[in-house]
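Taking it in order: structure first as structure tokens, then the write-up.
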Amino acid sequence: MIQNLAFFGATGGCAGSCLAAALKQGYTCTALARTPSKLTAFMHEKDVDSFTLDSHLQIIPGDIRDLEAVKQTLAHADIIVSGIGAYPKFQWSPRKPLALIDPAICADGISTILQACQELQKPNAKRKKPMLISISTAGVQTPGKPRALPLLYLTFYYWLLAEPHADKVALEAKIHEYMQLQGNQKGIEGYILVRPSILLDGEKKGVGDVRAGLPEDPPVGYSIDRRVDGEWIFEKLVRGGGADGVWRNGEVIVTY
Ligand SMILES: NC(=O)c1ccc[n+]([C@@H]2O[C@H](COP(=O)([O-])OP(=O)(O)OC[C@H]3O[C@@H](n4cnc5c(N)ncnc54)[C@H](OP(=O)(O)O)[C@@H]3O)[C@@H](O)[C@H]2O)c1
């Protein structure tokens, strides 16, 4: 049975590539976008035709912190894909040369999504709960588990990328905390956190070139293409049923 998918952050390369792949395969999708025309243009760039956009994609205009818009986006979702992230700004500070325009967007965004799922669930306890797939970063290390980062990257991640890294740590913590709720209080069926290494828009390899692993035995790698990351999420987690399988309720590190 083809499922309904809900997207957040689909004007970004990862979630956008997942959305384009889903639309081309006939999935019915709803996506929240601050600027709907930007999302439509992005889908055209990815060779999604106008007929498919009109018939299979509903765009809800709005911000991720707008609970009502998020609830509208999630109304029929079986699977949620979120690639929300903040844009960087460089500043004259040796301690923190790279800051974010919206440093808590990932944590705030996931809180709104989780609250919306809970509120949609309450009046209809029999409603099938959605699975949540959220993009984090390979820089987040599960306590007691091996590092997924090459040694060369350590300074880079913990100094230059400290602020984005902190937001992703907060995002993951919010999901883990939410999963501690009693079954009937949770609005999601389960979750998968996808932790990519550095995202590039460079040489596009294929989904078959992606190495993926759990925190117990993470693949250590330098980068992955945004488009391939998104296509991998579609192939392995959405279409391939990975959301119900090996990666369910865990973190998956992905890299070339
Ligand atoms: N850069 C890296 O090397 C790296 C490595 C690992 C993980 N990541 C993370 O991976 C994720 C996906 O990255 P990406 O490059 O595909 O996407 P991205 O370029 O970071 O795009 C971010 C997305 O979030 C949306 N967004 C931001 N603030 C929003 C708000 N207030 N309301 C609604 N939407 C909002 C943006 O929409 P607009 O178009 O409206 O701005 C855009 O669709 C991000 O969380 C990123 O931080 C990045």
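Of all the residues in segment 1-41, those that are open to solvent by less than 40 Å² (accessible area, probe 1.4 Å) and either within 18 Å of residue 235 (Cβ to Cβ) or within 12 Å of the ligand (Cβ to nearest atom) (or both) number 24.
Check segment 150-159 and report whether any residue there is within 16 Å of residue 110 (Cα to Cα) and assigned to a helix (DSSP H, G or I).
Taking segment 150-159 as the starting set, the residues that turn out to be within 16 Å of residue 110 (Cα to Cα) are none.
Within segment 150-159, none of the residues are within 16 Å of residue 110 (Cα to Cα) and assigned to a helix (DSSP H, G or I).
Within segment 201-208, not a single residue is within 15 Å of the ligand (Cβ to nearest atom) and surrounded by 17 or more Cβ atoms within 10 Å (Cβ to Cβ). If a residue has to be in contact with a Lys or Arg (Cβ under 9 Å, 6 or more places away or on another chain), in contact (Cβ under 8 Å) with a residue 60 or more places away in the chain and farther than 22 Å from residue 84 by Cβ to count, how many in segment 218-256 make the cut? Counting residues in segment 218-256 that are in contact with a Lys or Arg (Cβ under 9 Å, 6 or more places away or on another chain), in contact (Cβ under 8 Å) with a residue 60 or more places away in the chain and farther than 22 Å from residue 84 by Cβ gives 4. Among the conditions (1) buried (at least 22 other Cβ atoms within 10 Å of the Cβ); (2) β-branched (Val, Ile, Thr); (3) touching a helix residue (DSSP H, G or I) at 6+ places or on another chain (Cβ under 8 Å), residue 198 misses just one, which is (1). Per the conditions (1) small (Gly, Ala, Ser); (2) closer than 23 Å to residue 241 by Cα; (3) in a loop (DSSP other than H, G, I, E, B), the sole criterion not satisfied by residue 134 is (3).
Would you confirm whether or not segment 110-125 contains a residue that is within 10 Å of the ligand (Cβ to nearest atom) and either crowded, with 19+ Cβ neighbours inside 10 Å or assigned to a loop (DSSP other than H, G, I, E, B) (or both)?
Step one: filter segment 110-125 for residues within 10 Å of the ligand (Cβ to nearest atom), giving 112.
Keeping just the survivors that are either crowded, with 19+ Cβ neighbours inside 10 Å or assigned to a loop (DSSP other than H, G, I, E, B) (or both) gives 112.
Yes: one or more hits.
When segment 126-135 is filtered for residues that are surrounded by fewer than 24 Cβ atoms within 10 Å (Cβ to Cβ) and touching a residue at least 24 places away in the same chain (Cβ under 8 Å), the ones remaining, listed by number, are 128, 129, 131.
Would segment 35-58 turn up any residue that is hydrophobic (A, V, I, L, M, F, W, C) and within 15 Å of the chain's Cα centre (by Cα)? Scanning segment 35-58 turns up no residue that is hydrophobic (A, V, I, L, M, F, W, C) and within 15 Å of the chain's Cα centre (by Cα). In a residue-by-residue description of segment 150-160, the property of being open to solvent by less than 30 Å² (accessible area, probe 1.4 Å) and within 21 Å of residue 237 (Cα to Cα) applies to no position.
Tell me, please, whether a residue that is aromatic (Phe, Trp, Tyr) and not in a strand (DSSP E or B) can be found in segment 166-186. Taking every residue of segment 166-186 in turn, at least one turns out to be aromatic (Phe, Trp, Tyr) and not in a strand (DSSP E or B). Out of everything in segment 1-28 that is of a type in the set (Gly, Ala, Ser) and assigned to a helix (DSSP H, G or I), what residue ends up being farthest from residue 130 (Cα to Cα)? Per the stated criteria, the residue is 13.
The values are calculated or read from the model by the stated rules, or taken from the named source; none is laboratory data. The structure displayed is predicted, hence computed values, not measured ones. Cβ coordinates were reconstructed from backbone atoms using ideal geometry, including for glycine residues, and neighbour counts include every protein chain displayed. To get the accessible areas, we keep the full protein, side chains included, count just its heavy atoms, and leave off ligands, DNA and RNA. Shrake-Rupley method; radii C 1.70, N 1.55, O 1.52, S 1.80 Å.
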